[in-house]
Amino acid sequence: MNTVSPLLSVSGLHVQFGGLTALDSASFNISPHSVVALIGPNGAGKTTAFNAISGFVPISSGEIEFQGKKISWPKTHELAALRISRTLQGVGLFSGLNVCENVMLGADTQKSSNIFTDLIGASGKSEKRLREKAMEVLSSLGVAHLAERLPHELSYPDSKKVALARALISDPLLLMLDEPAAGLDQGDIDELATIINEVKRNCAVFVVEHHVDFVGEISDQVYVLNFGKIIASGTFDAVKEDPEVLTAYLGSSRH
Amino acid sequence: MQTFLNALFTGGSRGAIYALVALGLVLVWRGAGLINFAQMGQAMFSAYVASTLIAQGYNYWIAFFVALIVGAALGAAIDILVIRPLKKKSGTAILGSPSMRDAIPVIASLGILGILQSVAGMIWAGSERGFPAPVSTVALKVGGNTMPFTYFDLFTIGIVILILIATSLFLARTSVGLAMRASALNSEVARLSGIRTRSIRTLGWVISGAVASVAGLLVTPATNISPNSLDLILIIGFTACVIGGLDSLLGSVIGGFLLGFVIAFISVYDIPEDIFIAIFLILMGIMFFRPQGLFGSEVGRRV
């Protein structure tokens, strides 16, 4: 099924926390315009895998290819230039800034302007364009009316949408979502599934998620992690019949 | 009336210096989450450098800018050589508690203060140095009336206001300033947006070092400089930024001026021995009724 060359390909990813092996030669491929889910029981290493790719945790070894090219393991601040963006479990909006400013910050602000053009106001135009872009993304997620609000005034589902808008404003090639469905009710989850199906026309989506039905609904491919190892991969329907997966994961937590 | 105005203007120019010290402390606090006690060591060191240059016949303004560069370079050096490695180490080490991890760089900054003071003592033999003010320190006369302030007082207040405006514009209007604010608010998200938070933090140390050096340069004409001569200013500046709310630039400056006025009025109308009692009563009162400080954000930035 892997006829197209993958957008992101990670192989032999090893992460060690002291004496604990959090990830043990994990490998995965993400094809362009596909939704790939990383699932597994608590503590299996899902978020660690995300954090390793994001440069938040140091890796012991691992290789990464992006757009068919082998690259050095990215530092966090280099992801924006690669057009990889991600959301965080804790939402992580900037408390002192309003919704629109929060979204604008998601764009790679460092490459488009410098201190001298800023001071003489020459970047006013690009800021205006950025603001328009932010409003565009917010309205595509149905939260444009919240643009002037501060993060603490938002409901939890809305703040998750704003965080998603911040990740989308940079036109990412790869969008990484860390537990996007956590804390949402069924209505919000259905809406999120629609949004993800919409988003995947423009980019690939890599998602860590607990909510099994949601994963089944959105994902083209699933990787199952257990104790830091990938124990199965394939379509959701194939993976959920895998005996090893059933014992490790689905058997115990499926409702 | 003359006494009142006198206290008002003395308070203003002293307050301006405390405001600068507090501003410098806030700049590092927002970026790195620590109180840099070495700051007045940096200021003292750069004031010594300025005094040496002026003694050798260099122009005041050349000495002034060299001193700024020395203060800024010391800031960068402290961050890169001491704080970064310490944070890296304590990030992976297994420590008793998170607060212990936060305390280590602060204690290190106290150590750096000690080192800077000893090294200055060795280089300049612990002697007091000074240099004249760049403008007159004699009371102004307008139409035959002696004013309660000097040109130097005005100069001091003017420089502080200029620095405050420049810093605020820099933070509010420039993309680097935006990156600084973003890194302070949420470093992970800032990094995901392509901001090099480590370099941005170092920039905070650099600006803070330069600002602190200005404070050192402004007090030297009045009090001369010796290795420990700025200790008291550091304590008052620190108190000012806690009163103002630690992460607020404006708050720190207002806190500085407030303490300047309190100190000036007490020394004019009361006995100087009461100064410290008054400062700490104000501090305790604020901590009691408004623990986040006058202008601090209510929710702690660091959770």
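The values are calculated or read from the model by the stated rules, or taken from the named source; none is laboratory data. For clarity, every value in this text was computed on a predicted model and none was experimentally measured. All Cβ positions, glycine included, derive from the backbone under ideal geometry; neighbour counts span all protein chains shown. What goes into the accessible areas is simple: the full protein's heavy atoms, side chains included, and nothing from ligands, DNA or RNA. Shrake-Rupley method; radii C 1.70, N 1.55, O 1.52, S 1.80 Å.
Where does region A:173-212 land on the Kirkwood hydrodynamic radius, alpha-carbon pairs, in angstrom?
It works out to 10.5 Å.
Treating region B:196-245 as a set of equal point scatterers at the Cα positions, no solvent, please give the Debye-formula log₁₀ I(q)/I(0) at q = 0.13, 0.23, 0.30, 0.33 Å⁻¹.
Here the Debye-derived log intensity ratios amount to -0.41, -0.94, -1.09, -1.13.
Report the label-to-label distance for B:Y151 and A:F227 in nanometres (one decimal), using points 7 Å from each Cα along the Cα→Cβ vector.
Simple spin-label model gives 8.1 nm for this pair.
Of all DSSP beta bridges in chain A, what percent run antiparallel (nearest 5)?
Here the share of antiparallel DSSP bridges comes out near 55 percent.
Please list log₁₀ I(q)/I(0) at q = 0.11 Å⁻¹ for chain B, using the Debye equation with identical point scatterers on the alpha-carbon positions.
So the normalised log intensities work out to -0.67.
Expressed in nm², what is the orientationally averaged projection area of the convex hull enclosing the Cα positions of chain A?
Answer in nm², one decimal: 14.7.
So what are the ³J(HN,Hα) numbers for region A:86-91, from phi and the Karplus equation (6.51, -1.76, 1.60; θ = phi - 60°), rounded to whole Hz, Gly and Pro as x?
Those phi angles translate into 9, 9, 10, 4, x, 6 Hz.
Give the calculated FRET efficiency between B:T223 and B:A55 to the nearest 0.05, with a Förster radius of 22 Å applied to their Cβ-Cβ distance.
Calculated value: 0.80.
Looking at region B:1-60 from every direction and averaging, what is the projected area of its Cα convex hull in nm²?
If I average the Cα hull's projected area over directions, I get 6.2 nm².
When averaged across all projection directions, what area in nm² does the alpha-carbon convex hull of the protein assembly as shown cover?
Over every viewing direction, the Cα hull of the protein assembly as shown projects on average to 30.9 nm².
Ratio of region B:219-263's C-alpha Rg to 2.2 N^0.38 Å, to two decimals?
Here the answer is 1.24, to two decimals.
Sort B:L246, B:L217 by heavy-atom solvent-accessible area, probe 1.4 angstrom, most to least.
I get B:L246, B:L217, largest accessible area first.
Helix A:156-168 versus the longest principal axis of chain A: what angle, 0 to 90°, nearest 10, using Cα atoms?
Tilt relative to chain A: about 80 degrees.
At 1.002 mPa s and 20 °C, plugging the Kirkwood radius over alpha-carbon pairs of region B:108-244 into Stokes-Einstein gives what diffusion coefficient in µm²/s?
D = 119 µm²/s.
Antiparallel as a % of all DSSP beta bridges within region A:126-255, to the nearest 5?
Beta bridges within region A:126-255, antiparallel portion: roughly 50 percent.
Mind listing which trypsin sites (Lys or Arg not before Pro) in region A:143-205 are in a DSSP loop and have 13 or fewer other Cβ atoms within 10 Å?
Passing sites in region A:143-205 are A:R201.
For the protein assembly as shown, what does the helix formula give at 222 nm: sum of -39500 (n - 2.57) over DSSP H segments with n ≥ 4, over the residue count, nearest 500 deg cm²/dmol?
Computed mean residue ellipticity for the protein assembly as shown: -17500 deg cm²/dmol.
Exposed loop trypsin sites (Lys or Arg not before Pro) only (DSSP loop, at most 16 other Cβ atoms within 10 Å): please give the longest stretch of chain B free of them, not including the sites.
B:1-300
Which percent, nearest 5, of DSSP beta bridges in the protein assembly as shown are antiparallel?
60 percent
Quick check on my link table: of A:K128/B:K88; A:K70/A:K200; A:K46/B:K88; A:K128/A:K160; A:K161/B:K88; A:K229/B:K89, which ones sit more than 31 Å apart, alpha carbon to alpha carbon?
The pairs that break the limit, which is 31 Å between Cα atoms, are A:K128/B:K88; A:K161/B:K88.
Along region B:115-120, what does the Karplus equation 6.51 cos²θ - 1.76 cosθ + 1.60 (θ = phi - 60°) give for ³J(HN,Hα), rounded to whole Hz, x for Gly and Pro?
Once θ is set to phi - 60°, the couplings for region B:115-120 become 5, 4, 5, 5, 5, 4 Hz.
Plugging the Kirkwood radius over Cα pairs into Stokes-Einstein for region A:157-255, at a temperature of 37 °C and a viscosity of 0.692 mPa s, what D comes out in µm²/s?
After rounding, the answer is 228 µm²/s.
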